[in-house]
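Rule-based calculations on the coordinates, nothing more; no lab input. All values reported here derive from a predicted model rather than from experimental measurement. Positions of Cβ are generated from backbone atoms using ideal geometry, with glycine treated the same way; all protein chains shown enter the neighbour counts.
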Amino acid sequence: MKRDFISIADLTREQIAEIFALARRLKADRQDGWPHPLLAGKTLAMIFEKPSLRTRVTFEAGMVQLGGYAVYLSPPDIGLGTRETAPDVARNLSRWVELIMVRTFSHAVVLELAHHATVPVINGLSDLLHPCQVLADCLTLIEQRGSLDGLKVAFVGDGNNVVNSWLNAASKLPFSFALACPPGYEPDSGVLARARQNGAQITITRSMEEAVGGADAVYTDVWTSMGQEKESVIRREAFRPYQVNATVMALAKNNALVMHCLPAHRGEEITAEVLDGPQSVVFEQAENRLHIQKAIMVWLLR
């Protein structure tokens, strides 16, 4: 039976540990100059309805480093849901490639592709979830702190797809998660409820002090994501009190890490002083997208 990578909630803690271990091994091999053509002769189809620097380069470069090949498919190439249905796209690609990655708006598209494909489907991002990003973030925390045990991760801003995946991760891994957000910008209620039912230690609050106090990592994201541009003025006003700056970082532990999934809008959700400061690990997070996604692809096919 084929495996997909749609949500961290679908994985067991043991499977997540396998992916982390594989990512660390592949990263060490690359740093030591050892080739690892584990997916030689394999092809990854990359469906993009949302553009991205990190997602495209890390998946494409990662597949090449594993000895395989990646095919980039832009919206005009497919016309997903207009020129051709998601089931038909899945059935066609399954005849030609060994892996499908999709970065899209509607999470239903990811589920539909996975349901009809006979090869593994990877959720590169949907409006509901961003699991590759959060596993890369967790790997970064492990590298920086030795383990996730007992850590407090504080997220400041929108309860978006990144937050939803953090909630899923908190239901599987031994850290606590706190979100400070304005009213009306809470995470998905279904994701939140399931995470809490599965034992996640989660705090949702309006208070920056409550969320960030004692945090080992302070995370933020843009206030307006792709597809929300019409809300940008309203969002900028709502999130203005939720900027990550030196004052906010003073609420966290002295050695707290600064995290951001990028791209960043310096001067909006985070100040340049903090983003580019000595506590920032944002580019380590970006690098680890490469290693965690390589591990996911190998794990799915082996």
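Assorted remarks:
- As a rough footprinting exposure proxy, the listed residues MET1, MET208 were ranked by other beta carbons within 10 Å of their own, and the order from fewest upward is MET1, MET208.
- Residue-span extension gain [ASP29 to ARG194] - 0.36 nm each, minus C-alpha spacing: 55.7 nm
- Residue-wise HN-Hα couplings along segment 123-139, as the Karplus relation 6.51 cos²θ - 1.76 cosθ + 1.60 with θ = phi - 60° gives them from phi, are 7, x, 2, 9, 5, 8, 9, 9, x, 4, 4, 6, 5, 5, 5, 5, 4 Hz; Gly and Pro carry x.
- For the chain, the number of Lys pairs with C-alpha atoms closer than 25 Å, counting only pairs eight or more positions apart or on separate chains, is 14.
- With neighbours defined as other Cβ atoms within 10 Å of a residue's Cβ, the residues THR140, THR271, THR205, THR118 order from fewest to most as THR118, THR205, THR271, THR140.
- Relative counts (whole %) of C-alpha pair distances in segment 133-285, using bins that are 10 Å wide: 12, 45, 36, 7, 0
- Whole-Å distance, taken between Cα centres, linking segment 1-25 and segment 182-231: 23
- Full extension of the segment from SER106 to ALA61, taken as 0.36 nm per residue of separation minus the current Cα-Cα distance, would add 13.6 nm.
- Top of LEU192, LEU111, LEU125 by mean-square fluctuation, Gaussian network on the chain, Cα under 10 Å: LEU111
- log10 of Debye I(q)/I(0), alpha-carbon scatterers only, for the chain at 0.09, 0.10, 0.13, 0.16 Å⁻¹: -0.43, -0.53, -0.90, -1.34
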